Each structure stands twice: as C-alpha cells, then as structure tokens.
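First the structure, in the form of structure tokens, and then the observations on it.
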Amino acid sequence: MSAPKIYALHENPEWFPPFAEAFAAEGVEYEEWLLTDGVLDLDETPPEGVFWSRVSASSHTREHGLTKDYARAVLSWLEAHGRRTVNGRRVLELEMSKVDQLTALRAAGIDTPRTVAAVGREQVLKAAQGFPTPFVTKHNQGGKGLGVRRFESYEDLAEHVASDEYEEPVDGITLIQEYVVAADGGITRVELVGGRMVYAVRGDTERGGFQLCPADACAIDPETGRPVPPVGATISMAPDDDWNLFSERAGYDDPVVAQYLAFTERYGIEVAGIENIRTADGRVLTYDVNTNTNYNSEVERSTTISGPREIARHLSRVLRDTYPTR
C-alpha cells in the first residue's frame, strides 16, 4: 500500500501551475485528480491521504458541466470513509451557490448587499420590480463575472431579458443585487489559509469592472497577455499602460477580517478568498466567498508571503496530523 499523500481535486489544469510549483518548493508529495469525468466504484475503499478540493463554480464554462456533481459524489464517498478533506463536501455547496454564501454570511453577522433570488425569466422581472436602481444581476452559480450586468432601470432589464443576449444561469437562479460604488474604486479580497489571513488584495473595479478573477490564466487577450476591460469597467487603458488590476493592501486590519476567520472556522473552510467592498457611505459589504481561490502573480512577487506556499504548508501539516506515524 502506498504512503498517504495529498490529492488535489480540480478540473482546470491552467490554474494549477502555481500550486505545483509551491508543492515542489515545499517538498510535498501530491497527486492531481481531475474531476472532469471518471468512474467511482462505491465498493472500493479510498486511498489513504488528504483530499483538497479546488472545484470551481465556473467549471461549466470550460465544458466541464459534470464536474460539480462528480465532485459531490467523490467528496461524499471520501467523507463516508472517514478520509480527511480540505474544503470538503459542505464547502463545495458554498462555492456553488451565492445564495448559500450570502445566507451563511448573514447568519454569521456579516453585512452583505441587498439581494433577491429569482428562478425563470418572468420571475427575474418580478424580483426587480420596485428594486432600488441602479442594480446588478448575477448568476447564482458564478465566477468570472458570470451574468453580472448593471441596469439603470427596470425597463432596461426587461429589454435585456427579452433579448437574445440574456444568459440563462446554469442552475436557473438569477440574483438581483444592489449596485454599490466603491469608496476608492476597488474591492478587497482577503486571502485566508488554515485559520489566518495570508494577505489582502485590492481589485481595481474601475479598470476590471465585474471580471476580477486574479489568476493569470483569466487574462482575456492571449496575444498581449493583458486583460481587456470587461463589462462594468469605467476607465479605459492604452495598450502600453503599466497597470495591474490587483495590488496588495498592505496592513489591512479591518474588523471584518476577524469576522471572516470566525466564519471560515464555523463552516470548515480552510482555503478561501473572501471579497468585500467599502462603500462611499462607509459600509463594508461582503459579496463573494471563493473557496477555490487563485493568486495573482504580480501580487505574489510584491509580497513577503506566498499564498500557494501557505496552502502547501497547511496541507503538509494536515497530512502529518492525520497520519502522525507514517
């Protein structure tokens, strides 16, 4: 029987190189398990090890529509056999549903934007009636800014919903959410690993709009390697501008960090990037919990601590604690 090791469960090889490099640098043995398709024999016993789930809510956008349910099956099987999972079965559900995230955040006393969920085109319009304007729509199972659009009026939304441009959410649930303006033109993403904050990142909403995926593989223009300002951007950049959508928020010590640490402990979340926006009227509203967090290379080069290395170290500790005599 092989020695216990770390298994990385995911579906997107383009996002994995920073973690492979971190495992190598830390001398940690691991194996990738791609959850794009496969066979799961329920009569078999899982191998010994620690199973880290990096399954993404946006997997269906990469033609991996089966991943979500395959991951549910695999994690249920692993946990039924007592295997140690990191970001396991319950956390997967948080990743897949913004409704789940927002209701959990509110239950933990964390402020979130005003939100209404609707199923079906007609119900989207019903949900938006009387909603303060402007507002945004989002897909409940999202990531990468899926379905995020700003509308100035109910009539604008009605026209969009009736058009061919309307995107049906993969799970049928659309969110109507208050549109909030960032006090400094950016959001904050707090990176957490193993019960502590790694660092906080500023995402430039003026240039990045609603598409603020930090992974280098999220770059839209493969020829230039630079993001093209997506929907929601309010500032245009010249091709030779020296800019990056992400930068470290050094010394970030907002009281919300303590709330995030308590929240992640409550729900068994061991790796996450949680996003908030400080509004012009002084509120701090948390709107997204990313449990398959990615890291931006520019930020990583500017910090004294590495997100992927912290994950590798955390997983190594978990492996040692799970198998102390191996």
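This table checks each residue for (1) loosely packed, with under 15 Cβ neighbours inside 10 Å; (2) under 23 Å from Thr67 (Cβ atoms); (3) without any contact (Cβ under 8 Å) to a residue 60 or more places away in the chain.
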{"site": "Gln101", "(1), (2), (3)": "no, yes, no"}
{"site": "Ile110", "(1), (2), (3)": "no, no, no"}
{"site": "Arg114", "(1), (2), (3)": "yes, no, no"}
{"site": "Ala118", "(1), (2), (3)": "no, no, yes"}
{"site": "Gln123", "(1), (2), (3)": "no, no, yes"}
{"site": "Ala128", "(1), (2), (3)": "no, no, yes"}
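Do the conditions hold for Asp254, that is, is it outside any strand (DSSP E or B) and at pLDDT below 95?
no
Test Thr36 against the stated conditions and say whether it is surrounded by fewer than 18 Cβ atoms within 10 Å (Cβ to Cβ) and β-branched (Val, Ile, Thr).
In short, yes.
Here is a list of conditions, (1) modelled with pLDDT under 95; (2) in contact with a helix residue (DSSP H, G or I) (Cβ under 6 Å, 6 or more places away or on another chain), and Ile274 meets all of them except one; can you say which number that is?
Every condition holds for Ile274 apart from (1).
Answer yes or no as to whether Arg320 is basic (Lys, Arg) and free of Cβ contacts under 8 Å to residues at least 60 places away in the same chain.
Yes; evaluated as a whole, the condition is true for this residue.
Name the residue, out of Thr115, Thr61, that is more than 20 Å from Asn292 (Cα to Cα) and not hydrophobic (A, V, I, L, M, F, W, C).
Residue meeting the stated conditions: Thr115.
Per-residue answers, yes or no, for (1) surrounded by 16 or more Cβ atoms within 10 Å (Cβ to Cβ); (2) more than 15 Å from Val86 (Cβ to Cβ); (3) modelled with pLDDT of 95 or more; (4) of a type in the set (A, V, I, L, M):
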residue	(1), (2), (3), (4)
Tyr30	yes, no, yes, no
Leu42	no, yes, yes, yes
Gly49	yes, no, yes, no
Gly65	no, yes, no, no
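Between residues in the range 22-40 that are assigned to a helix (DSSP H, G or I) and residues that are surrounded by 12 or more Cβ atoms within 10 Å (Cβ to Cβ) and of a type in the set (Gly, Ala, Ser), which pairs lie under 6 Å by C-beta distance while being six or more apart or on different chains?
Cβ pairs passing all conditions: Ala22/Ala312; Phe23/Ala312; Glu26/Ala312.
Can you name every residue in the range 184-221 that is hydrophobic (A, V, I, L, M, F, W, C), surrounded by fewer than 20 Cβ atoms within 10 Å (Cβ to Cβ) and either outside the structural domain of Leu245 (by TED's automatic domain parsing) or at pLDDT 95 or above (or both)?
Within the range 184-221, Met197 is the sole residue that qualifies.
Given the residues Gly88, Gly38, Gly65, which is the only one that is at positive phi and not assigned by TED's automatic domain parsing to the domain that holds Leu285?
Gly38
Which one is surrounded by the fewest Cβ atoms within 10 Å (Cβ to Cβ), of the residues in the range 67-99 that are among the aliphatic types (A, V, I, L, M) and over 27 Å from Ile176 (Cα atoms)?
Ala80
Counting just the residues of the range 103-129 that are at pLDDT below 95 and in a helix (DSSP H, G or I), which one comes out farthest from Ser163 (Cα to Cα)?
Glu122
Considering only the range 130-144, how many residues are among the charged types (D, E, K, R) and either surrounded by fewer than 17 Cβ atoms within 10 Å (Cβ to Cβ) or assigned to a loop (DSSP other than H, G, I, E, B) (or both)?
1
Which ones in the range 46-90 are of a type outside the set (Ser, Thr, Tyr), assigned to a strand (DSSP E or B) and more than 16 Å from the chain's Cα centre (by Cα)?
If the condition is that a residue be of a type outside the set (Ser, Thr, Tyr), assigned to a strand (DSSP E or B) and more than 16 Å from the chain's Cα centre (by Cα), then Gly49, Val50, Phe51, Arg84 are the ones that fit.
Within the range 169-189, restricting attention to residues that are charged (D, E, K, R) and outside any loop (DSSP other than H, G, I, E, B), which residue is nearest to Val289 (Cα to Cα)?
If we take residues in the range 169-189 being charged (D, E, K, R) and outside any loop (DSSP other than H, G, I, E, B), then Arg189 is nearest to Val289 (Cα to Cα).
Just to verify a result, which residue in the range 145-168, among those that are outside any strand (DSSP E or B) and under 22 Å from Leu285 (Cβ atoms), is modelled with the lowest pLDDT?
Leu146
Restricting attention to the range 268-294, and to residues there that are closer than 18 Å to His314 by Cβ, more than 11 Å from the chain's Cα centre (by Cα) and not charged (D, E, K, R), which single residue is surrounded by the fewest Cβ atoms within 10 Å (Cβ to Cβ)?
Selected residue: Gly268.
The values are calculated or read from the model by the stated rules, or taken from the named source; none is laboratory data. Since the model is a prediction, treat every value here as computed from it, not as a measurement. Note that we place each Cβ from the backbone using ideal geometry, even for glycine, and neighbour counts take in every protein chain shown.
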